[in-house]
Amino acid sequence: MSSILPRSARFRSARTLPAAALALSLLGLTACGAGAGAGASSPAESTSPAAAGQDASFPRTVQHVMGETTLEEKPETVVALDPSYVDAALLLDADLVGYAEYRQDPKDPFADYLGDVSEQTAGAENVGTIAEPNLEQIAALDPDLIVSAKVRQPDLYPQLSKIAPTVYSESTGPTWKENVVLLGEALGKEDRAEQEVADYEARAKAVGEAILEKDPEATYSLLRFAGEDTARLYSSDSFIGEIMADMGIPRPEGQPDTTEEIFVPLGQEQVLEADAGLIMVSTWVPEGAEGDASRDQEQRFTNNPLWDRLEGEVLEVDDETFVASVSLQGAHAVITELAEHYGVDPQLPQD
C-alpha cells in the first residue's frame, strides 16, 4: 500500500476547514492509504491514464536523500523551501505556489538574475523563512510537491511529507546541477532538466575556451566578506568552483583548497593566498547589523597594506549571483558577466 495518498483523497473533506485545522488534520494523517472507498468507482468511471489525459509515467517513485517518495500523479503545483529550488521550479515551468523567503525586500522577493518572472510568480506566496517555514500556510496551499534540501530543514521532512509528497536533496551548493535533474524527475520533466544542464555545460565550455584563447594563463579566485573575522576563499567544491571547472579556468597552482567545505577561511595576514589572475570579490550585505559587519570587514581587509600587494585584477561581483544563486540561471549570469569582462562573445543560448 502506498504511503502517499492521492491528492483528491487527501484533501476531499479538508478543503472546508480553517487553515489551522487543516494543518493539524494533515499532520495527523496515517500511511494507510485512501480508505475503502478508493476503489469503489464503477467500470464506466474507470479510465486509463492516457484516456484521462494523465501522464503515463506516473505513478513513479523518486529516490532521494531521505529515502523514497511515491507520486501518484504528475505534480503541477510546487512549494520550494530553498532558493535554488525556487530557481529550478521556474526553470522547468512548474507552477510555484509557495517559496521560502530568501530576500529581505518584500517588494522584490526574487533574484535580479532571473529577469522578469512576475508572470510566473504572480500566484506564489511567501511561506516563511528558510529556517522556519510555516507548515499551516504550506498545507493551505494544497501543493502537489514540496522540494527542499536536508541541509535546510532536516527535522521537518516527516511533517512536510504528511502535507504533500516531499523530495529532499542532501545539499544545494555542491549538487546544484544534480538537484535540477532531481526536481525534473519528480515533475516528470527529467528529459527537459537534463537538456538544460547539458546546454549550460556546453555554453560554459565554449565561453571558457574563448577566454583561455584570449588569456591562456587565466586563473581565478573568489574572496567573500561575510562579516566574520576571516574572509572566505571559495573552494573547488563550491558553486563558483564548479562553474569555473566547467569553463576550464583553473585556480592558481598551490592555492589553499578543500573538498570538505565550500570555502577556506583566510585572515588578513593570509590575503595574498587569494591572489590569482582574476580575483573576484563579493560582499554579503543584507540590511541591518549583518550587512554593516560585512562592510566593516571588507574595509579592514582592503585597507591592509597586504591588499595592495595582490598582483591579480580585482573584480567586484554581485554576491547574490556569484555566491548565493546556486542555480542554472545564476550560473548563466556568471558566465555572461565573465565573458563581458574578458571581452569575448558571451554565446547566450539561442531562443
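The values are calculated or read from the model by the stated rules, or taken from the named source; none is laboratory data. Here the structure is a predicted model, which means the values were calculated and not measured. Glycine also receives a Cβ, built like all others from the backbone with ideal geometry; neighbour counts cover every protein chain displayed.
Descriptive notes on the structure:
Let's see how each residue does on (1) closer than 30 Å to Gly267 by Cβ; (2) buried (at least 22 other Cβ atoms within 10 Å of the Cβ):
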{"position": "Val181", "(1), (2)": "no, no"}
{"position": "Ala198", "(1), (2)": "no, no"}
{"position": "Val207", "(1), (2)": "no, yes"}
{"position": "Leu212", "(1), (2)": "no, no"}
{"position": "Pro216", "(1), (2)": "no, no"}
{"position": "Leu222", "(1), (2)": "yes, yes"}
{"position": "Ala231", "(1), (2)": "yes, yes"}
{"position": "Phe239", "(1), (2)": "yes, yes"}
{"position": "Met244", "(1), (2)": "yes, yes"}
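- Residue in the stretch 226-237 that is touching a Pro at 6+ places or on another chain (Cβ under 6 Å) and within 30 Å of Val79 (Cα to Cα) present: yes
- Here Leu223 meets the list (1) under 23 Å from the mean Cα position of the chain (by Cα); (2) not in a strand (DSSP E or B) almost entirely, failing just condition (2).
- Only residues that are touching a Lys or Arg at 6+ places or on another chain (Cβ under 8 Å) and in a loop (DSSP other than H, G, I, E, B) were counted in the stretch 142-176, giving 6.
- Some residue of the stretch 193-208 being of a type in the set (Lys, Arg), without any contact (Cβ under 8 Å) to a residue 40 or more places away in the chain and over 29 Å from Leu145 (Cα atoms): no
- The strands (runs of 3 or more DSSP E) found wholly in the stretch 249-351 and carrying at least 2 residues that are touching a residue at least 60 places away in the same chain (Cβ under 8 Å) and of a type outside the set (S, T, N, Q) occupy 278-283.
- Taking each residue of the stretch 226-239 that is free of Cβ contacts under 8 Å to residues at least 24 places away in the same chain and in the same structural domain as Asp275 (by TED's automatic domain parsing) and looking for partners that are of a type in the set (D, E, K, R) and part of a loop (DSSP other than H, G, I, E, B) with beta-carbon atoms closer than 7 Å, six or more apart or interchain, yields Ser236/Arg251; Ser236/Asp257.
- Residue match in the stretch 86-103 (condition: more than 24 Å from Leu328 (Cβ to Cβ), out of contact with any Gly (no Cβ under 8 Å at 6 or more places or on another chain) and not assigned by TED's automatic domain parsing to the domain that holds Val317): no
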